[in-house]
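**Student:** Structure provided below as C-alpha cells; questions to follow.
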Amino acid sequence: MAQILAPSAQWQMRTAKSSTDVTPLTSKMWSSLVLRKNKKASIKTSAKFRVFASSSESGTINRVEQLLNLDVTPYTDKIIAEYIWIGGSGIDIRSKSRTLSKPVEHPSELPKWNYDGSSTGQAPGEDSEVILYPQAIFKDPFRGGNNILVICDTYTPQGEPIPTNKRAKAAEVFSNPKVVAEVPWFGIEQEYTLLQTNVNWPLGWPVGGYPGPQGPYYCAAGADKSFGRDISDAHYKACLYAGINISGTNGEVMPGQWEFQVGPSVGIEAGDHIWCARYLLERITEQAGVVLTLDPKPIDGDWNGAGCHTNYSTQSMREDGGFEVIKKAILNLSLRHKDHISAYGEGNERRLTGKHETASIDSFSWGVANRGCSIRVGRDTEKNGKGYLEDRRPASNMDPYVVTALLAETTLLWQPTLEAEALAAQKLSLKV
C-alpha cells in the first residue's frame, strides 16, 4: 500500500469574479482559477471542492455541492473505490467507481473487476471483457474519508496481460533478483502544459497570439509571468493527501507549462505513483475547466518542449566508487540508444532537436552538468564519486513503467560484447 501522509486542510475551488460574458480562460482574462482554503471549516475526513456547473441558479449549484461534499462515514462502513487503468492509446487514463463493504488497506483485499475493452480500444466487440487487477492503493483526495483510488493493470479473462499492459513486464524486471539486490531508485520530473478550453492554446497566452520570449517565466511569480499556479498547488496537496511520493513542483520555461517531481521511488512504485499523480492532475484540471496536455512539443517554434526527465541510481551507484558504475551504465545506455528512444514517448522527435535544453534524437551524448546531453551527471555526483544519472530523453507522454523497467534492464541485466563496449567507450571518451 502506498504510504499515507496526514491530510491537508480542506479546499474549495472558486472562479475569479468576472462579467457574465467573459470566462476565466479567455484572452481578456488569463489568470487561472483561484484556489483558497476553506477557513470556516475544520479539518474533516472529506475533501471539499466547489462544483463548476453551467446552471445560472446558485441554489441548484449549492445543493449539488452539498451532496458532493457529504461525509457518509458516520452513516455507513461502506467506501467508494475508484478503479483506475490506462486506456488503449497508452496515455489516456480511465476510471470507474464501485462500492466496497468496508475499508481496505492492501490491494490483495480488493476484488478484480472488468470493463468494456471495445470502448477503450483494447478489445474487439465480440470478446470485449478486460479484467482489472488491483495493484496499488492511494487515498482519495476528492471524496475523502476512507475512500480510495486503486491503480490497476489489465488482463484477458484467461489471465494474460493485454498488449497495453506495460506494468506486467515492468513487474517482471523489478522482481529479478539482480535488480532487487540493487534497489533501483527513480526520481521522475513530469512536465505538462495547461491549455485554454476549446482553443487548444496555452493558458495565459493571447488566443491566436504569443507572449514575450522565454526567459522571465521559469520559476517566476506574477500575474504576467505565472499562469496556472493554483492548479499546480492544488495538485501538489492532492498528491500529498493521496500518499504519492511527490517531492516538488515548479513553473517551467515556457509560459503555461509546469512540472512536478515524484521520488525517490523504488522499482515498480515509481510507475504507480506517476500514473496516480497524472490521474489527479486530470481530475483537477477537469474541475478547473482547463485542458491538460502531455504533448512533448505543444507549440512549434522557439519554445521549450515538455519532457519527463528520469533520475536513476542503483545501490552500487550510491556507494563509494559509484561513479565508475555510473559510467558503465552510460556505456550500456549508449549501445541501446535506439531501443530507448523508440520506447520514450510519441512525438519525441519534435522535442529532441538539439535545441531548448535537449540532445539530438539521432545521437547519444553524456556530460557533467550539461542539459544539452542525452544523459546528464550532476556536479555533486562527479565531486563525491557516487550518486545518480539523469536520462533527459523521455518525453512528457512516456509510460513510466516502460522507461523505469528499460533503464533497469539495460544497466543491470543486459550485457554488451566486450568489443562493442570498447568501441562505445572510445567514442564517448569514457574510461571504465
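**Student:** Identify, from the list 389, 430, 407, the residue that is closer than 30 Å to residue 278 by Cα, touching a helix residue (DSSP H, G or I) at 6+ places or on another chain (Cβ under 6 Å) and touching a residue at least 12 places away in the same chain (Cβ under 8 Å).
**Tutor:** Working: 430 fails: closer than 30 Å to residue 278 by Cα; 407 fails: touching a helix residue (DSSP H, G or I) at 6+ places or on another chain (Cβ under 6 Å).
From the options 389, 430, 407, the qualifying one is 389.
**Student:** Would you check which residues across region 286-317 are part of a helix (DSSP H, G or I) and either over 30 Å from residue 419 (Cβ atoms) or free of Cβ contacts under 8 Å to residues at least 12 places away in the same chain (or both) and list them?
**Tutor:** 286, 287, 288
**Student:** Within region 97-117, track down each residue that is in a strand (DSSP E or B) and over 14 Å from residue 77 (Cβ atoms).
**Tutor:** Of everything in region 97-117, those that are in a strand (DSSP E or B) and over 14 Å from residue 77 (Cβ atoms) turn out to be 97, 98, 113, 114, 115, 116.
**Student:** For region 250-265, does any single residue satisfy the condition of being in a loop (DSSP other than H, G, I, E, B) and open to solvent by 10 Å² or more (accessible area, probe 1.4 Å)?
**Tutor:** Yes, some residue in region 250-265 is in a loop (DSSP other than H, G, I, E, B) and open to solvent by 10 Å² or more (accessible area, probe 1.4 Å).
**Student:** Out of all the residues in region 72-90, is one or more at pLDDT below 95 and among the polar types (S, T, N, Q)?
**Tutor:** Yes, there is a match, as at least one residue in region 72-90 is at pLDDT below 95 and among the polar types (S, T, N, Q).
**Student:** Give me the pairs, please: first residue somewhere in region 92-104 and free of Cβ contacts under 8 Å to residues at least 12 places away in the same chain, second residue anywhere and surrounded by 17 or more Cβ atoms within 10 Å (Cβ to Cβ) and not aliphatic (A, V, I, L, M), beta-carbon distance under 6 Å, and either six or more positions apart or on two chains.
**Tutor:** Once the first residue is free of Cβ contacts under 8 Å to residues at least 12 places away in the same chain and sits in region 92-104, no partner that is surrounded by 17 or more Cβ atoms within 10 Å (Cβ to Cβ) and not aliphatic (A, V, I, L, M) comes close enough.
**Student:** Would you check if there is a residue in region 322-334 being among the polar types (S, T, N, Q), touching a residue at least 60 places away in the same chain (Cβ under 8 Å), open to solvent by 10 Å² or more (accessible area, probe 1.4 Å) and not in a loop (DSSP other than H, G, I, E, B)?
**Tutor:** Yes; the residues of region 322-334 include at least one that is among the polar types (S, T, N, Q), touching a residue at least 60 places away in the same chain (Cβ under 8 Å), open to solvent by 10 Å² or more (accessible area, probe 1.4 Å) and not in a loop (DSSP other than H, G, I, E, B).
**Student:** Only helices (runs of 4 or more DSSP H) wholly contained in region 374-432 count here; list those with 2 or more residues that are open to solvent by 40 Å² or more (accessible area, probe 1.4 Å). Walk me through how you get there before you give the answer.
**Tutor:** Working: elements: 379-384, 400-408, 418-428.
Correct list: 379-384, 418-428.
**Student:** Would you be able to say whether some residue in region 163-183 is closer than 21 Å to residue 296 by Cβ, under 20 Å from the mean Cα position of the chain (by Cα), among the polar types (S, T, N, Q) and open to solvent by less than 10 Å² (accessible area, probe 1.4 Å)?
**Tutor:** Scanning region 163-183 turns up no residue that is closer than 21 Å to residue 296 by Cβ, under 20 Å from the mean Cα position of the chain (by Cα), among the polar types (S, T, N, Q) and open to solvent by less than 10 Å² (accessible area, probe 1.4 Å).
**Student:** A further question follows. Just to check your reading of the model, which residue among 247, 226 is at pLDDT 95 or above and closer than 23 Å to residue 289 by Cα? Before the answer, list the steps.
**Tutor:** Working: 247 fails: closer than 23 Å to residue 289 by Cα.
One residue alone meets the criteria, 226.
**Student:** Sort out which residues of region 88-142 are of a type in the set (D, E, K, R) and in contact with an Asp or Glu (Cβ under 7 Å, 6 or more places away or on another chain), and write them in order of number.
**Tutor:** Those that are of a type in the set (D, E, K, R) and in contact with an Asp or Glu (Cβ under 7 Å, 6 or more places away or on another chain): 102, 140.
The values are calculated or read from the model by the stated rules, or taken from the named source; none is laboratory data. Please read all numbers here as calculations on a predicted model, not as lab measurements. Using ideal geometry, Cβ is built from the backbone for each residue, glycine included, and neighbour counts are taken over all protein chains shown. For accessibility, only protein heavy atoms count, side chains too; no ligands or nucleic acids. Shrake-Rupley method; radii C 1.70, N 1.55, O 1.52, S 1.80 Å.
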